[in-house]
């Protein structure tokens, strides 16, 4: 797929043109119209000033490659052509020396790049970033070609057929068919008792409902990383380069959405890129992991909304102290060290420690939307925040992209999109009280990290535990 050519882009011209064109949007009041105008200005200006790469498939250069490497390769290729043409031993020797020089320059370039990279590593570096750099240095690339797919007695050879087969498989993952009849009845009963959850809430006047500011928008922009855009092709880099005047137009759009509680339809659409699961049969549709590409404008507003919600949850202690997933200043080591401490305590007191570990399957895919709204109500989260989350959850659609082919658009019944900014935080709220109703007279402790959690309890004597499943 063609990509924007950000390298060497004339950002000053981009900023000026966007500013001039966005100044004409001051009179637009409709959210959908204003959203489409903003997208159109950004995309048209980018096409005019930045441009896109050609669709020719080329091997991506490794990060350590430099001009000395290129020069050595050119000299080697020149010597190789001369040696083949003349068939002289002296020219062959010159070629071998040039080949040795290429290996030497590559070795030096790798070593120097790695040293410079290690010198830049600080305490805030993510381990994933280090491994990604190692893979890049080795020239390791993910194979994105999807082979012939087989499923339900059908064979998909064309990209369009593969996309259709995959979108059907992904929609089934979100289907109510994945839950038991008893759970369906339970959900239906709960929704019947709480039909008011679908209604818009009246703004409460709390700090959660206040108008967003330019400071909040810029703060949200600081933390974003370069990610693939949604179908609108708007990248974070474009938004970062805008003037304050243009950002105020985007902020005006965000506040209109915030006041009305209606997210643009295009923002609730995700383009799914299927990624093959390692070690699986890649001819089966179920062997692919869906990665949703959604609007970066939507994800930017998500960051602003979730920053507020996170602050509210943490300041009011809404989340369990045992919850470590996706919380600032917490990570997996908190749960691991807590478990280790309890194991050592049991050893010292000569007690038995029994632990039960859970790994939640389809954590995002099967999140119960109505149940989440009930949780929000019980926590006192109402007004504009409630309305925005409700609009974000419902009316979502997906389509799969394979190569340049797109599947038809289908609606999903449950869950939140993979790769969404809001999904981890909303899931934390959903599972926050998961162990609240567990009762035992011998004490209990529990910790959870995202969609993996465990609880354990002490037994004073080994004989207390009679059967494996007690």
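Between residue 344 and residue 120, the modelled labels are 3.9 nm apart [label points 7 Å from Cα along Cα→Cβ].
The relative contact order of the stretch 291-406 comes to 16 percent, based on Cα pairs under 8 Å that sit 6 or more residues apart.
For the chain, the longest principal axis of the Cα atoms and the long axis of helix 181-193 meet at an angle of about 70 degrees. Our summary gives the chain a relative contact order of 20 percent, counting only alpha carbon pairs under 8 angstrom and 6 or more residues apart.
The equivalent ellipsoid that matches the C-alpha gyration tensor of the chain spans semi-axes of 45, 34, 25 angstrom, in descending order. Please give the Cα centre distance for the stretch 206-252 versus the stretch 79-106, rounded to the nearest Å. Taking the Cα centre of each part, the stretch 206-252 and the stretch 79-106 sit 54 Å apart.
Note on the chain: helix-only mean residue ellipticity at 222 nm, from DSSP H runs of 4+ residues weighted -39500 (n - 2.57) and normalised by residue number, equals -15000 deg cm²/dmol.
Taking label points 7 Å from Cα along the Cα-to-Cβ direction, residue 77 and residue 244 give a separation of 5.0 nm.
Spin-label model, residue 52 to residue 378: label points 7 Å out along the Cα-to-beta-carbon direction sit 4.7 nm apart.
Taking 0.36 nm per residue of separation and subtracting the Cα-Cα distance, full extension of the segment from residue 108 to residue 145 would add 10.0 nm. Taking the number of Cβ atoms within 10 Å of each Cβ as an exposure proxy, the fewest-first ranking of 324, 287 is 287, 324.
Per-residue Cβ neighbour counts within 10 Å put 27, 32 in the sequence 27, 32, beginning with the fewest.
Residue order for 416, 180, fewest other beta carbons within 10 angstrom first, comes to 180, 416.
Here, each number is a calculation from the coordinates, and none is a lab measurement. Keep in mind the model is a prediction, meaning the values are calculated, not measured. Reconstructed Cβ throughout: ideal geometry from the backbone, glycine too, with neighbour counts over all protein chains shown.
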